[in-house]
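The values are calculated or read from the model by the stated rules, or taken from the named source; none is laboratory data. Note that this is a predicted model, so its numbers are computed, not measured. Here the Cβ is made from the backbone with ideal geometry for all residues, glycine too, and neighbour counts use every protein chain on show.
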Amino acid sequence: MQFGVQVNVYRTSWEAVRSTVAAMEAGDWDSVWFADHFIPPGADHEQESLTAFEGLSAIATVAGMTKKLRLGNLVLGNTYRNPAHLAKLAGTIDTMSEGRFTLAIGAGWYQREHEAYGWDFPSMKERQDRFEEACQLIRQLIRSEEPVDFKGRYYQLDQARLSPASHGKPIPIMVGGTGEKRTLRTLARYGDIMNLDGWAGGGMALEYYQHKASVLEKHCEAADRDPAEIKRTLLMPCYLTEDKELIERSVKRLGPGTVAGSKQYVIDRIGEFQNAGIAEIMFGAIPSGDIDRLRQFEEEIVSAFR
């Protein structure tokens, strides 16, 4: 089992983010992840001035601060960037980090930041159409040694070549989301990594994962793809405590997908997912700069699986 942390980049300072990354690099962690929003999610108009570090430039900076941690975003919004430009950024970061970058992307959902920055916010259907086309384009660019022509409805390429491209193996593509009709089909066709998002609620139920995995396997069969090629990961909001009142408060504050409880309870829950095929857990809800909390997770949870 591998372990990472989605390090908070909202309503915080870069000093706090940097200290967390430094502690992870020095500790027994496998990966570090940043979100990708231009306004802190859930912010009202008065809070929109609060810190929201841009996800890709922040993760690129961390690439230069680290040597071992794998790097990625949970997840990049397709509507914010042209996918060919995103592939170019990914190739640069992967080369600079010597093969440690994961390109994780989703369809985009936060309407307010689109309004604030002057971006179109298409219908759900169009966002899914754009997303699937973007994943197809990105996969072709990453894996092709020749210039790529692409004639899509929304995106076009004319003899485009990705250079620098991947450092070694092709940059893995993580497809964010678990929508059964479109998103998991896109993953089966063009992705390499599945991620269940515990912030969304249902991702912490083992039965929920098993159902989504079965849907993915059906899409893989239709796409003539071996489902074993797709790595399974889980973003887990987590709070370590034996205080029942704190458990209730943390679930209420962080959402129903939160795993809150004693050391053994958390270990048991992770073990269930490991047995079901989850290969990596990314912890959420560890505040940036809270090195004591980070080390508690490392010593009490991560060490149990080493």
_Can you tell me which condition Pro164 does not meet? The list is (1) under 21 Å from the mean Cα position of the chain (by Cα); (2) farther than 30 Å from His211 by Cα; (3) in a loop (DSSP other than H, G, I, E, B), and all the others hold._
(1)
*Just need a number here: residues in segment 270-306 that are part of a helix (DSSP H, G or I) and closer than 23 Å to Gly27 by Cα.*
17
*Filter segment 177-211 down to residues that are at pLDDT 95 or above, within 14 Å of the chain's Cα centre (by Cα) and not charged (D, E, K, R), then give me how many there are.*
5
*In segment 257-266, which residues are surrounded by 15 or more Cβ atoms within 10 Å (Cβ to Cβ) and either among the β-branched types (Val, Ile, Thr) or in a loop (DSSP other than H, G, I, E, B) (or both)?*
Gly257, Thr258, Val259, Val266
*asked:* Taking the criterion of being touching a helix residue (DSSP H, G or I) at 6+ places or on another chain (Cβ under 8 Å), part of a strand (DSSP E or B) and either of a type outside the set (D, E, K, R) or more than 16 Å from His114 (Cβ to Cβ) (or both), would at least one residue in segment 36-51 satisfy it?
replied: no
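For segment 144-161, give me each residue that is part of a strand (DSSP E or B) and either over 16 Å from Asn82 (Cβ atoms) or among the charged types (D, E, K, R) (or both).
At the first step, the residues of segment 144-161 found to be part of a strand (DSSP E or B) are 148-151, 156-160.
Result: Asp149, Lys151, Asp158, Gln159.
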_Just to be sure I understand, how many residues within segment 227-246 are in contact with a Phe, Trp or Tyr (Cβ under 8 Å, 6 or more places away or on another chain), outside any strand (DSSP E or B) and surrounded by 18 or more Cβ atoms within 10 Å (Cβ to Cβ)?_
0
*Read through the list (1) in a strand (DSSP E or B); (2) in contact with a Ser or Thr (Cβ under 7 Å, 6 or more places away or on another chain), then give the number of the only condition that Arg127 fails.*
(1)
_For Thr233: the one exception among (1) out of contact with any Asp or Glu (no Cβ under 6 Å at 6 or more places or on another chain); (2) closer than 24 Å to Val302 by Cα_ = (1)
*asked:* So Ala188 ticks every box in (1) in contact with a His (Cβ under 8 Å, 6 or more places away or on another chain); (2) closer than 29 Å to Glu98 by Cβ; (3) crowded, with 22+ Cβ neighbours inside 10 Å but one. Which box is left unticked?
replied: (2)
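Just checking, does segment 176-187 include any residue being in contact with a Gly (Cβ under 9 Å, 6 or more places away or on another chain), part of a loop (DSSP other than H, G, I, E, B) and in contact (Cβ under 8 Å) with a residue 12 or more places away in the chain? Step through it out loud before you land on a result.
Filtering segment 176-187 down to residues in contact with a Gly (Cβ under 9 Å, 6 or more places away or on another chain) leaves 176-178, 183-187.
Now narrow it down to the ones that are part of a loop (DSSP other than H, G, I, E, B): 177-178.
Checking the rest, the ones that are also in contact (Cβ under 8 Å) with a residue 12 or more places away in the chain come to 177-178.
Yes: segment 176-187 contains one or more residues that are in contact with a Gly (Cβ under 9 Å, 6 or more places away or on another chain), part of a loop (DSSP other than H, G, I, E, B) and in contact (Cβ under 8 Å) with a residue 12 or more places away in the chain.
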*Does Ile138 satisfy being touching a residue at least 12 places away in the same chain (Cβ under 8 Å), of a type in the set (A, V, I, L, M), closer than 22 Å to Thr183 by Cα and not in a helix (DSSP H, G or I)?*
no
*Considering only residues that are in contact with a Cys (Cβ under 9 Å, 6 or more places away or on another chain) and closer than 13 Å to Leu196 by Cα, look in segment 235-289 and name the one that is modelled with the lowest pLDDT.*
Thr258
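Please find, among Lys252, Lys263, Lys231, the residue that is farther than 21 Å from Trp29 by Cβ, out of contact with any Lys or Arg (no Cβ under 6 Å at 6 or more places or on another chain) and among the basic types (Lys, Arg). Don't jump to the end; show me each part of the working.
Working: Lys263 fails: farther than 21 Å from Trp29 by Cβ; Lys231 fails: farther than 21 Å from Trp29 by Cβ.
Lys252 is the lone residue from the list that is farther than 21 Å from Trp29 by Cβ, out of contact with any Lys or Arg (no Cβ under 6 Å at 6 or more places or on another chain) and among the basic types (Lys, Arg).
Return the residue satisfying two criteria in turn: it lies in segment 130-151 and is more than 20 Å from the chain's Cα centre (by Cα) and of a type in the set (Asp, Glu), and of such residues it is modelled with the lowest pLDDT. Can you show your working first?
Filtering segment 130-151 down to residues more than 20 Å from the chain's Cα centre (by Cα) leaves 140-141, 143-151.
Okay, now just the ones that are also of a type in the set (Asp, Glu), so 145-146, 149.
Numbers: Glu145: 93, Glu146: 96, Asp149: 98.
In this case the residue turns out to be Glu145.
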*Checking Leu196 against (1) over 18 Å from Gly72 (Cα atoms); (2) in contact with a Leu (Cβ under 6 Å, 6 or more places away or on another chain); (3) not hydroxyl-bearing (Ser, Thr, Tyr), which single condition isn't satisfied?*
(1)
*Please specify each residue of segment 73-103 satisfying the condition of being outside any helix (DSSP H, G or I) and buried (at least 23 other Cβ atoms within 10 Å of the Cβ).*
Asn73, Leu74, Val75, Leu76, Gly77, Phe101, Thr102, Leu103
_Single unsatisfied condition, Ala104 versus (1) more than 18 Å from Leu56 (Cα to Cα); (2) under 23 Å from the mean Cα position of the chain (by Cα)_ = (1)
